[in-house]
1. Mind checking which strands (runs of 3 or more DSSP E) fall wholly inside region B:12-102 and carry at least 3 residues that are more than 30 Å from C:E100 (Cα to Cα)?
2. When you scan region B:256-272, how many residues do you find that are among the acidic types (D, E) and farther than 17 Å from B:Q447 by Cα?
3. Within region B:66-112, how many residues turn out to be facing chain C (nearest Cβ under 7 Å), closer than 30 Å to B:A435 by Cβ and of a type in the set (G, A, S)?
4. Taking region B:291-312 on its own, how many of its residues are small (G, A, S) and either within 19 Å of B:D75 (Cβ to Cβ) or touching a residue at least 60 places away in the same chain (Cβ under 8 Å) (or both)?
5. Across region C:46-73, what is the total count of residues that are surrounded by 16 or more Cβ atoms within 10 Å (Cβ to Cβ) and either part of a helix (DSSP H, G or I) or touching a Leu at 6+ places or on another chain (Cβ under 9 Å) (or both)?
6. Quick one: count up the residues across region C:94-143 that are in a helix (DSSP H, G or I), within 12 Å of chain B (Cβ to nearest Cβ), closer than 30 Å to C:V250 by Cα and hydrophobic (A, V, I, L, M, F, W, C).
7. Can you tell me how many residues in region B:179-201 are outside any loop (DSSP other than H, G, I, E, B) and either touching a Gly at 6+ places or on another chain (Cβ under 9 Å) or hydroxyl-bearing (S, T, Y) (or both)?
Amino acid sequence: MRVITLNLKYDGSIPVEAETITPDSFSDKSKEEIEELSLYLGNKVVKLREIFDVSVEGSNTGIDDVKIIIKGNAYRIKRIGEGMTGGEILVEGNVDMRCGSMMRGGKITIKGNADSWTGQEMVGGEIIIEGDAGNYIGSGYRGALNGMSGGKITIKGNAGLYLGEKMNGGEIVVEKDADMLAGLEMSGGKITIKGNAIMPGGEMTGGDIIVMGTVIDRLPTFKYLGKEIIDNANFEKYVGDLAMRRAKGSLYIKAP
Amino acid sequence: MNELIIKNGIVFDPLNNIKDEKKDICIRDGKIVDDVKNPKILDVNGLLVFPGGVDGHSHIAGAKVNSGRLIRPEDGRRSLKPKTSITMPSSGYSVKNVFSEGYDYSIMGYTTVVEPAMPPLSAIHTHEELRDIPMLDKLSLTLFGFNWFVMGYVSRGEIDKLAAYVAWMLKRTRGYGIKIVNPGGGENWKWGKNVDSLDDQVIHFGVTPREILNDLMKVNEILDLPHPIHVHTNKLGQPGNYNITVDTMKLASGFETQRGREPLHITHVMFSSYGGENWKTFDSKADEIAREVNSNKFITVDVGQLMFGDTTTMTADGYLEFNLQKLTGFKWSNSDTELETGGGVTPVIYSPTVPVNVIQWAIGLEAALLINDPYQVWLTTDHPNGAPLTRYPEIISLLMSKEKREKEILQVNNAVNKRAILPSLDREYEWNEIAIITRAAQANSYQLRDKGHLGIGADADVTIFDIKPNEIDPSKDYDKVEKAFSAAKYTIKGGEIVVKDGQIVKVVSGKTYWTNAEFDEYYELIEDDLKDWFANYYTVNLDNYGVNDVYLTNPCMIRTNPTIGSRVRLA
Amino acid sequence: MIIKNVVCPFCGSLCDDLTVEVEGNEIKNVDNTCKLGYNKIVGYSHGRIEAPLIRDKEGLKEISYDKAIDEAAKILCNARRPLMYGWSSTTCEAIEKGIELAIKIGSLIDQTATVCHGPTTLGIQEEGKPSCTLGEVKNRADLVIYWGCNPFHAHPRHMGRYSTFTKGYFTNKGRKDRKIIVVDVRESDTSKVADIFLKIEPGSDYKIINALTSIIIGNGDILPEEIGGISKDRLEYIAGEMVNANFGIVFFGLGVTMTGVKDKNIGSLSRLVKELNRNTKFSLMPMRGHYNVSGAGNVFTWLTGFPYAIDLSRGYAYYNPGETTANDVLARKEVDAILVVASDPVAHFVNPSIRRLAEIPLIAIEPYTSATTELADLIIPVAISGIEADGTAYRMDEIPIRVKKFIDSKFKSDLEILTDIINRIDRYE
């Protein structure tokens, strides 16, 4: 196992685009090479060492035994872990938008809050957000057909708007509440919301949404199918969204 | 004096009957000349030399194209390229931004491109985009196929007025020729309907597609327009439409023209060569279409080749786009334009595992392979409808190699063996034929005298491909062919080297051609109608309608010789 | 001198039938205009900023034009995350030049759609935009729906010229040939002329639109008895009216784009219209506010591939509203300098954004004193497009019309000022 620790020393408010911070990219690079990687700060290019202090321990044989630890409040560092295929990233504080987007494998743990579009178009791997999450977690890009299609995202806090928008595979678990329209336009995969949800499942055509708390403002275009038992708990099952053709989405709401 | 000599190239220049000849090409001040005194020397040492490419049908500018870009940010994101010290940022795979359109064409060796569908009411928009497309000379065709004035004059048999109106519109929109999309049917679509045959009535207007086509073909001749009427057939995209396509082609039989050009061009013929009664019985009728073309010297077609992958469809045929959207469930835009035209846009994914798509793919290639005279069949993808423009190199390699086709056929759905004839076709295109279908035929059909050839006096638009035609066998080395056509060794535009080794090295802006076919008193003939209809039915004032030269880069006016009754061309 | 067929540079209706009387270099009268257009044109000379101004410790003071261009070039060149904002009330030619500048300096660039019809764009990027030109409405529409908009006040000539009272080819009895439905959360002067007024609960648009769609595709049986304050029976009646129309149109405004789930409302509306086209002919159209906001979207799109909220900092166009939108990058304090052209963000942005605007160098290319010029550090006065400068504008239905110049100005146009800034930056590089 090779552990690469990035100590954030940048505290500006202009976001840094850091899609190069992945186990894939770091795997075969020396400490010095990692320090020389290019990041983007506004309209200028900076070296990674200008933003982070780098320390490296141990050695690796491939991508899977690379672990990157990001220390400090990375709330202005975007695109960490983008497209990664293996290995591990631990973000000890918050993280900015698009963390783990297009991720294919490996694991990202965010101890703080994650901003919007975390896990956008994710294909595989796992993201754990221990704090709250922003909008469009596990969603698709503007206009694209699909969002997240595989892998798993766990949010221990609350999720923002449009959770799992256009999702067609994989799994999202929210321990607390989800804001409006979780599972918007989803066509596959599974979203479990342990707290409350507002208007879940708008325009969904497939997949499962399970709400264990209360549903606020349930959409009128869902059809009640009956009771169903999941893990020893009673749920009311709906199919929808019947504003869509060929809609086969399942919405389970915990029975009172 | 700016001189250049291209030495030792293997030149194919079909319009001048030069074929596979080691020949030097001399250039002075943007033109091909017979000799030069003190030129810069470009020794290309046995490489393939063609005239600059001409694409006669490619949706690159205007409201529809921009609507495609607007609704497809996910396509825009696919090919983002940063600016360089000389180029601007690029975006888009099937719907590219204006810069990318110019650069991508130029990199493949194209120097002239036709935007084939300009709605008159938004002609300014088309020209604003054309102005911003770098690297290329451009022309655009004005839409007339279900225009109210046209249908009115046709229904009343007022051919003089129709001619006057077309001449006025071409001038007012800075258009090059007559485009007809789904004649008459487009008006019916404005009530959610369509036409089914050449003799169906247009709702309210009492005319038929046949009458519209016939009269516009006559007007095209009366006005001495350089290009044939450019027709997107009725029922395009529907199973079993080959009949109406053949019927449409027959309208041109025996129609002699003064210019010696054909009177009728059928565009993206792939979409109009369908058999079967529905999508389940869908099959290729490319053989029927080719039979008609081979026996009818009065028509040309372009292929409209489909390639597998994701693209965006767009046309003035709103009915077609709506129906396509019903099949896919994808997003859909429509843009009916008052009194004139319409249009639609929807994305599509052509899959090699879907029988219909595989047959469509085969039909295009079959049409190209079965039509004997390459001057009658230009290569297009109807960009971006069949495929994005960047797929041309792949298509060229397919036309040149049966082996490559066999390899592809093994990869696609078996329907290609049952409901298409591609597997049985042995023909392989030669270099000279490729030069015809990508250059000479199109320049000829548009009668662009300075384009598509390398004779003395031609514009010095030249492409040099990084391939030695005498050292490779394109039927075996198809990968090399594809690679060479993807990135020109040199593209020379107006005498300047604009692409080197597949990279843009100089950014230039091209010319815009348009046709002035006005004749004595032409405006008086239609003035009252224009004033009346603009006042009552348009929402834009006649005075504020149309385009002026402010919107054109290097406008290039083509004068014609109308012969209409006693009236003559204006001095 | 009487000038006919003048194009009104006020709202997205872009009426092009104004008659302006000019004497010397002064406007004496304007005919055929609404009050909004009249005030803009006749009052064009009042409250103008007379010379370039720069802010120092004591406040604003006059500087030469040349010095102002110099300062603007310096501020923009030194910025690491500049934003260029506005564009909806100037010509396409100026907007093109603005994008050229944004590409050159690696800027964010956004336009006023971001605070009005941005959600419309996002909605149609998911579902498409089945639409038509205003003349199609004039000539054919027998059902006109105004949803969350009040043209009576915001687009005063719209109903008369294009959509309600006008007579067209297949609608030669004008208003009598059309049925008018208004959907809104409150009564308005527009709803007073409607045949049917659907007063809905605030924020219920999404549910009502999708309920209508479910009725139209045959799933209406599952609907509850009441949705968003409207009974199921009434919704079924409205759906019937839609299906039975020969040519229907929905005009919609900020009442639906800026409430509830915003862009999701518009996506659903587009899908409703799409489904209606299986039965009849139907279109939708956003009621665009500023006279060239539609042009701004078009120019942005053909030059960069995207309609607004574009980040050019890495040399290519990155588009992601919510991340690259003006209000978001300001509220997050990303932006370190801003150039405002032809708009008044301080009057329209949210508080956190305005606080950021006050902290950073703000350059305003503006003809009049505004909330934005009050905060500006550098103000460059400009000729008014459509009165003192000509160029292209796009109507709300994407129809381009050339706006006229009929008054000579001592000020340069937006296009000229932006060109001067670019040339000055070139000199520095």
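1. Filter on region B:12-102 gives B:18-28, B:31-33, B:40-43, B:48-51.
2. First, the residues of region B:256-272 that are among the acidic types (D, E): B:256, B:262.
Right, trim to farther than 17 Å from B:Q447 by Cα and you get none.
Of the residues in region B:256-272, 0 are among the acidic types (D, E) and farther than 17 Å from B:Q447 by Cα.
3. Here the count works out to 1.
4. In the first step, residues of region B:291-312 are kept if they are small (G, A, S); the result is B:295, B:304, B:309.
If we keep only those that are either within 19 Å of B:D75 (Cβ to Cβ) or touching a residue at least 60 places away in the same chain (Cβ under 8 Å) (or both) too, we end up with B:304, B:309.
Number satisfying all stated conditions: 2.
5. Looking only at that region, the number is 11.
6. Going through region C:94-143 one residue at a time, the tally reaches 6.
7. Going through region B:179-201 one residue at a time, the tally reaches 7.
Per-residue answers, yes or no, for (1) within 10 Å of chain B (Cβ to nearest Cβ); (2) in contact with a Gly (Cβ under 8 Å, 6 or more places away or on another chain); (3) of a type in the set (V, I, T); (4) surrounded by 22 or more Cβ atoms within 10 Å (Cβ to Cβ):
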residue: C:H290; (1), (2), (3), (4): no, yes, no, yes
residue: C:G297; (1), (2), (3), (4): yes, no, no, yes
residue: C:T301; (1), (2), (3), (4): yes, no, yes, yes
residue: C:L312; (1), (2), (3), (4): yes, yes, no, yes
residue: C:Y316; (1), (2), (3), (4): yes, no, no, no
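Quick note: the coordinates plus some simple rules give every number you see, no bench work behind them. Bear in mind the structure is a predicted one, so any value in this text is a computation, not a measurement. Ideal geometry is used to build each Cβ from the backbone, glycine not excepted, and the neighbour counts take in all protein chains shown.
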